[in-house]
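**Student:** Here you go, one structure.
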Ligand code: ADP
Ligand code: ZN
């Protein structure tokens, strides 16, 4: 474990407003946003269809009357149908990573970029960033919001950035060592690849000055955090965001690390049942829905993220008053329905991390050769288990089967594969091959 202790600093007083002040700020910003979206033909039409005029939206309760926005809507409006300002007001474009299809373009005015770096500065500060630190950003730079979002967030705090970008792991380590980097930013899958490289090359921990890391961009588990923290001797923080809403900076963990604080002065969050579209109770899992409150170029109303998580409105020991979201269990698009049971890849990750002798590298394959779903999971063995007896391997397979069954309730076919045979990722991992769709 790391000896690094996070100072409890709050970047922006908006993070600790009394609830009633926060709510009145939210409702006045909501009224403004509702006015702004009238410049977007898509929303004008949606409002007309629902028989709502902007003056009908006065309080936070009125939010429920507004239409949802979906990824399909954004695809329809590709590339810039959702723009609420003149193109000449736009300072930057980004796009979603296209994990689940064609990317959607998003736009930022100069003010939006300021808002965004301020939001990133908040979670970075909550998770240990000080102006004297240097931060290596091993996220992709480009259309993906991760690289640039975190880059300007770190600079806004006054810390220094090493814009390494994703990939070329040996160079990452060279920089980390030679530049005595304090903090790392990347996806959790890339962190796993980096950690593996350190172990394989026997880079001594003292050679590095790394203290903590901020991971985001894809689902990961508490077991994965424990694994990376243990292997690298650092503290790892989770942060969440999506390009359609702003990019990273929607939420992030504080030192308490029990959920990610949502910047509620900038976004209203709802958690709904994806089938009935009704709100779920606090603590219950549902789909997160966000409404932006401070965006100029592309304000968005009730965006259905397809990300599954729960909300915790309890006050936090850190002094922030904002609601916290749990880890994302998965995206509803990644959810596999197998024999009627909902399975997320993160559950397989969780199971594997509990079985000794396996590496948390896996690939799930689903097929339906004859009207019946068959799931097989390829799991990498560690070098040690790979060189053990057939009997030990058979036993390992059974332990994996049981661990997966304990978490998902399903029996899956396990195929043990040799160390380093599955793909490694520098950005977001792809764990599922679903042949049923073809
Ligand atoms: P794409 O949807 O094409 O991947 P983005 O790059 O905007 O585009 O990615 C946003 C998505 O990444 C979120 O909707 C969520 O599914 C996932 N994500 C981002 N941060 C996290 C996180 N900390 N934990 C789990 N999932 C995350
Ligand atoms: Zn907190």
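**Student:** Can you tell me which residues in segment 275-299 are outside any loop (DSSP other than H, G, I, E, B) and touching a helix residue (DSSP H, G or I) at 6+ places or on another chain (Cβ under 7 Å)?
**Tutor:** 291, 292
**Student:** Separate question: Inside segment 229-248, can you point out the residues that are under 15 Å from residue 153 (Cα atoms) and away from ligand 2 (no atom under 16 Å from the Cβ)?
**Tutor:** Matches in segment 229-248: 241, 246, 247, 248.
**Student:** Please work out if residue 48 is within 16 Å of ligand 1 (Cβ to nearest atom), exposed (fewer than 14 other Cβ atoms within 10 Å of the Cβ) and not in a loop (DSSP other than H, G, I, E, B).
**Tutor:** No; evaluated as a whole, the condition is false for this residue.
**Student:** So which residues in segment 241-260 are more than 13 Å from ligand 1 (Cβ to nearest atom) and either under 13 Å from the mean Cα position of the chain (by Cα) or buried (at least 24 other Cβ atoms within 10 Å of the Cβ) (or both)?
**Tutor:** Within segment 241-260, 254 is the sole residue that qualifies.
**Student:** Let me ask something additional. I need the full set of residues from segment 94-146 which are part of a strand (DSSP E or B) and within 16 Å of ligand 1 (Cβ to nearest atom), in order please.
**Tutor:** 94, 95, 105, 106, 107, 108, 137
**Student:** Within segment 261-278, how many residues turn out to be away from ligand 1 (no atom under 16 Å from the Cβ) and touching a residue at least 12 places away in the same chain (Cβ under 8 Å)?
**Tutor:** 6
**Student:** Limited to segment 311-326, what total is found for residues that are away from ligand 1 (no atom under 13 Å from the Cβ), more than 21 Å from residue 116 (Cα to Cα) and part of a loop (DSSP other than H, G, I, E, B)?
**Tutor:** Residues in segment 311-326 being away from ligand 1 (no atom under 13 Å from the Cβ), more than 21 Å from residue 116 (Cα to Cα) and part of a loop (DSSP other than H, G, I, E, B): 7 in total.
**Student:** Among the residues of segment 255-275, which ones are touching a strand residue (DSSP E or B) at 6+ places or on another chain (Cβ under 6 Å) and either within 16 Å of ligand 2 (Cβ to nearest atom) or not assigned by TED's automatic domain parsing to the domain that holds residue 126 (or both)?
**Tutor:** 259, 260, 261, 262, 269
**Student:** Being within 16 Å of ligand 1 (Cβ to nearest atom), under 25 Å from the mean Cα position of the chain (by Cα) and not assigned by TED's automatic domain parsing to the domain that holds residue 241 narrows it down to one residue among 364, 348, 343; which is it?
**Tutor:** 348
**Student:** Continuing with the same structure: State all residues of segment 319-346 that are surrounded by fewer than 21 Cβ atoms within 10 Å (Cβ to Cβ), over 19 Å from residue 219 (Cα atoms) and within 16 Å of ligand 2 (Cβ to nearest atom); if no residue qualifies, say none.
**Tutor:** 319, 321
**Student:** Here is a follow-up. Of all residues in segment 300-310 being part of a loop (DSSP other than H, G, I, E, B) and surrounded by fewer than 21 Cβ atoms within 10 Å (Cβ to Cβ), which is nearest to ligand 1 (Cβ to nearest atom)?
**Tutor:** 310
**Student:** Take residues that are over 30 Å from residue 83 (Cα atoms) and tell me which of the strands (runs of 3 or more DSSP E) falling wholly in segment 182-274 contain 2 or more.
**Tutor:** By residue number, 183-186, 212-215, 235-242.
**Student:** Only one residue in 252, 216 is within 16 Å of ligand 2 (Cβ to nearest atom) and touching a residue at least 12 places away in the same chain (Cβ under 8 Å). Which one?
**Tutor:** 252
**Student:** I would also like to ask the following. Quick one: count up the residues across segment 1-17 that are over 21 Å from residue 236 (Cβ atoms) and loosely packed, with under 10 Cβ neighbours inside 10 Å.
**Tutor:** Residues in segment 1-17 being over 21 Å from residue 236 (Cβ atoms) and loosely packed, with under 10 Cβ neighbours inside 10 Å: 1 in total.
The values are calculated or read from the model by the stated rules, or taken from the named source; none is laboratory data. Please read these numbers as outputs of a predicted model, since none were measured by experiment. Every residue, glycine among them, receives a Cβ derived from its backbone with ideal geometry; neighbour counts consider all protein chains shown.
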